[in-house]
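A.B. asks: Please see the structure below; I have some questions.
The values are calculated or read from the model by the stated rules, or taken from the named source; none is laboratory data. Because the structure is predicted, anything quoted here is derived from the model rather than measured. Heads up, the Cβs are rebuilt from the backbone with ideal geometry, glycines too, and the neighbour counts pull from every protein chain shown. The protein model used for the area step is the full one, side chains on, heavy atoms only, and it has no ligands, DNA or RNA in it. Shrake-Rupley method; radii C 1.70, N 1.55, O 1.52, S 1.80 Å.
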Amino acid sequence: MELIRINCHKDILINDIGIERYNHSLRVMKVASELANRHDVNVEKAKIAAYYHDCAKFKSKTILLKRAESFDIIKNSIMEKNTELIHAPLSAEIAKKDYGIKDKEILEAIKNHTTGGRYMSKLDKIIYLADYIEPERNFPGVEIARKLAYEDLDKGMLFALDNTIKYLIDKKQLISTETVEIRNELLENLD
């Protein structure tokens with residue numbers, strides 16, 4: 001799939017997710033491209049995954065839940081209680097079905113961009129981090145996360161995951177088991 005083909009989906013995406021979310025996806029695409037270039041990952045795949053990473057972040061929660069149900073996405077009580085987690089696996093399904101993305105690496109990166117997951121590839125980590133550090137993100141620690149993402153994907157991921165887990169704990173929110181699993185895996189593999 002070439003980026004020229006991506007442009008033909010612009011109007012559909014804007015209609016589904018809104019102009020602000022679409023512009024966010026463009027910023028994520030730019031960061032993902034830079035990170036992929038820096039970490040020797042296929043830049044084209046990174047751009048495509050970033051462009052479609054939020055394609056299920058529908059303006060309507062009703063549509064989100066209906067589409068999730070049609071793909072049998074809600075697999076556990078954590079997703080039932082935190083519907084923000086639904087859009088990542090749903091985006092992977094919609095990218096495949098509605099936008100014709102067939103590349104398994106791209107689809108997996110889209111699926112993992114919110115919670116992470118065990119055995120994340122470099123592309124998975126790039127999309128997760130590009131979404132986390134895109135230029136309009138502004139939260140305590142974002143500059144450290146940006147620096148680490150360009151230096152070492154695993155250290156960037158560990159920092160982002162730790163920061164996210166602390167935030168979720170402070171807000172008394174549920175934490176996805178996938179997030180805990182990838183954090184533990186990264187810790188086990190650190191030198």
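A.B. asks: Out of region 139-191, which residues are small (Gly, Ala, Ser), closer than 19 Å to Asn112 by Cα and modelled with pLDDT of 95 or more?
C.D. replies: Across region 139-191, the qualifying residues are Ala145, Ala149, Gly156, Ala160.
A.B. asks: Determine the pairs where a residue that is closer than 11 Å to Asp54 by Cα, located within region 90-110, has a partner that is open to solvent by less than 10 Å² (accessible area, probe 1.4 Å) and polar (S, T, N, Q) with Cβ atoms under 8 Å apart, the partner being 6 or more residues away or on another chain.
C.D. replies: From residues that are closer than 11 Å to Asp54 by Cα, the pairs are Ile110/Ser91.
A.B. asks: Which one of these is at pLDDT 95 or above and not hydroxyl-bearing (Ser, Thr, Tyr): Glu34, Glu69, Glu84? Step through it out loud before you land on a result.
C.D. replies: Numbers: Glu69 fails: at pLDDT 95 or above; Glu84 fails: at pLDDT 95 or above.
After ruling out the rest, the residue left standing is Glu34.
A.B. asks: Please indicate, with yes or no, whether at least one residue in region 102-118 is buried (at least 21 other Cβ atoms within 10 Å of the Cβ), touching a His at 6+ places or on another chain (Cβ under 7 Å), modelled with pLDDT of 95 or more and not in a loop (DSSP other than H, G, I, E, B).
C.D. replies: Checked region 102-118: at least one residue is buried (at least 21 other Cβ atoms within 10 Å of the Cβ), touching a His at 6+ places or on another chain (Cβ under 7 Å), modelled with pLDDT of 95 or more and not in a loop (DSSP other than H, G, I, E, B).
A.B. asks: Given the conditions (1) within 20 Å of Glu178 (Cβ to Cβ); (2) under 18 Å from the mean Cα position of the chain (by Cα), and given that Glu80 satisfies all but one, which numbered condition is not satisfied?
C.D. replies: (2)
A.B. asks: Please indicate, with yes or no, whether at least one residue in region 25-45 is among the aliphatic types (A, V, I, L, M), open to solvent by less than 60 Å² (accessible area, probe 1.4 Å), assigned to a loop (DSSP other than H, G, I, E, B) and closer than 19 Å to Glu134 by Cα.
C.D. replies: Scanning region 25-45 turns up at least one residue that is among the aliphatic types (A, V, I, L, M), open to solvent by less than 60 Å² (accessible area, probe 1.4 Å), assigned to a loop (DSSP other than H, G, I, E, B) and closer than 19 Å to Glu134 by Cα.
A.B. asks: Can you name the residue in region 119-174 that is outside any helix (DSSP H, G or I) and touching a residue at least 40 places away in the same chain (Cβ under 8 Å) and, of all such residues, is nearest to Ser77 (Cα to Cα)?
C.D. replies: Here the residue is Leu174.
A.B. asks: Name the single residue, out of those in region 46-68 being assigned to a loop (DSSP other than H, G, I, E, B) and either of a type in the set (A, V, I, L, M, F, W, C) or open to solvent by less than 10 Å² (accessible area, probe 1.4 Å) (or both), that is nearest to Ile127 (Cα to Cα).
C.D. replies: His53
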